[in-house]
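Each remark here refers to the structure printed beneath this line.
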Amino acid sequence: MISSVATIAGLREKVADARMAGKAVGLVPTMGALHEGHLSLMRRARSENDLVVASIFVNPPQFGPTEDLQRYPRDLARDLALAAGAGVDVSFCPEPDEMYPPGFATWVEVEGLGERLCGASRPRHFRAVTTVVAKLLDVCQPDRAYFGLKDAQQFVIIRRMVQDLNIPVELVGCPTVREADGLAMSSRNLYLTPDERAQAPALYRALQAAEAAVAGGVRDVSEIKREMNEFLAQATLGDVEYVEVVGTDGLLPVARVEGECLIALAARFGGTRLIDNVFVRG
Ligand code: PAF
């Protein structure tokens, strides 16, 4: 049975009870509109903890003024049923005022990292993510927190924040879950028209081409990007925002793949912005 709390005090109480009983607590932060990607995080948390908490909170400040805050899919009853099925014990579903009461003025910002890749077109997005995640970690004080690596930049930034602020939590990055045709699962896939949906898997095909090139010994990033472009060009309905090969700590572009690198891209299909990435090692 899943129990649902909407207040910070309510969540603190639930977690305190579990801690008193010596239980390990796992947290899965989400914005709802749950899909198999979220459920894989919840199942993993279930297998590694005694108490599993999932937050379901569409975090307003992480949406830019022209982004999809109003139309972001919300169906709490469906989400709670799915979360319960994946083994979640407690869901935390606060209203925006609970997280950002009147007078709220404190932001947690990881400098530099949040301005790269997606940050270039989403200027205050990552400081809103780190702020809400810092609050969730503070309220829940989990032993482990679970994030999908589809949002690789988000993971790297949260990891930096956790290190810099000495937050005592183990971060668990979980592999991207994909549709049968390779498209990374995302709540935003629902916005795609049938034609856009048919073309969107080209993003992953481009990343697979990059992986194959690296596995075949290619190290030069311009050669890797050339191979990717052949596939990206097939997505005639998509506008590529960026394709970057970066180091996994600083997220700075590299000229050659040496050591672990992240190959990340973002593309817009009409009003829908999709991201995807792979980690490679040269
Ligand atoms: O990845 C997400 O769904 C969100 O960015 C997160 C981590 C729940 C913060 O709102």
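The values are calculated or read from the model by the stated rules, or taken from the named source; none is laboratory data. Fair warning: this is a prediction, and the values are worked out from it, not measured in the lab. Reconstructed Cβ throughout: ideal geometry from the backbone, glycine too, with neighbour counts over all protein chains shown. Please note that ligands, DNA and RNA were not included when accessible areas were found on the heavy atoms of the full protein model with its side chains. Shrake-Rupley method; radii C 1.70, N 1.55, O 1.52, S 1.80 Å.
With runs of 4+ DSSP H residues as the only contributors, calculate the mean residue ellipticity of the chain at 222 nm using -39,500 (n - 2.57) per run, divided by the residue total and rounded to the nearest 500. Calculated at 222 nm, the ellipticity per residue is -11000 deg cm²/dmol.
If you sort 248, 106 by accessible surface, 1.4 Å probe, largest first, the order is 106, 248.
Net length available on complete extension from residue 35 to residue 223 is 64.2 nm, with 0.36 nm assigned per residue and the Cα-Cα distance removed. Residues whose amide H lies under 5 Å from that of residue 177, counting only those 5 or more places away or on a different chain, are 185; hydrogens are built 1.01 Å from N in the peptide plane. Amide H contacts for residue 242 (H built 1.01 Å from N in the peptide plane; partners 5 or more residues away or on another chain; cut-off under 5 Å): 266. Note that the chain presents 46 Å² accessible area per residue, ligands and nucleic acids not counted, probe 1.4 Å. Count Lys and Arg as plus one, Asp and Glu as minus one, and take only other residues whose Cβ is under 10 Å from that of residue 179; the net charge is then 0. The local environment of residue 82, defined by Cβ-Cβ distances under 10 Å, has a net charge of -2 under the rule Lys, Arg +1 and Asp, Glu -1. Applying the criteria of a DSSP loop state and at most 16 other Cβ atoms within 10 Å to the chymotrypsin sites (Phe, Trp or Tyr not before Pro) of segment 98-161 yields 104, 107. Look at the alpha carbon pairs under 8 Å that are at least 6 residues apart: their mean separation over the length of the chain gives a relative contact order of 17 percent. Around the amide H of residue 108, modelled in the peptide plane, lie the amide H atoms of 131, all under 5 Å away and 5 or more residues distant in sequence or on another chain. For the chain, the longest principal axis of the alpha carbon atoms and the long axis of helix 202-215 meet at an angle near 70°. First select every other residue whose beta carbon is under 11 angstrom from the beta carbon of residue 207; then total the charges, Lys and Arg +1, Asp and Glu -1. So the environment of residue 207 carries a net charge of -1. Shown in residue order for segment 141-149 are the 3J(HN,Hα) couplings computed by the Karplus curve 6.51 cos²θ - 1.76 cosθ + 1.60 at θ = phi - 60°: 6, x, 6, 9, 10, 10, 9, x, 7 Hz (x for Gly and Pro). Taking Cα atoms only, the orientation of helix 8-20 departs from the longest principal axis of the chain by about 80 degrees.
Taking a straight Cα-Cα cut-off under 14 Å and skipping sequence neighbours fewer than 8 places away in the same chain, the aspartates and glutamates within cross-link reach of residue 225 are 211, 241, 244.
The aspartates and glutamates whose alpha-carbon is closer than 20 Å to the alpha-carbon of residue 23, local same-chain residues fewer than 8 away aside, are 13, 48, 50, 89, 138, 143, 170. Taking trypsin sites (Lys or Arg not before Pro) across segment 1-61, the ones in a DSSP loop with at most 16 further Cβ atoms lying within 10 angstrom of their Cβ are 23. Taking the Kirkwood radius as Rh and the Cα radius of gyration as Rg, the chain has a ratio of Rg/Rh equal to 0.97. Full extension of the segment from residue 165 to residue 19, taken as 0.36 nm per residue of separation minus the current Cα-Cα distance, would add 50.3 nm. Here the convex hull built on the C-alpha positions of segment 1-99 has a volume of 95 cubic angstrom per residue. In this structure, residue 208 and residue 76 have a Cβ-Cβ separation that, at R0 = 35 Å, corresponds to a calculated FRET efficiency of about 0.45. Residue separation of residue 258 and residue 180 scaled by 0.36 nm, minus their Cα-Cα distance, works out to 25.0 nm of gained length.
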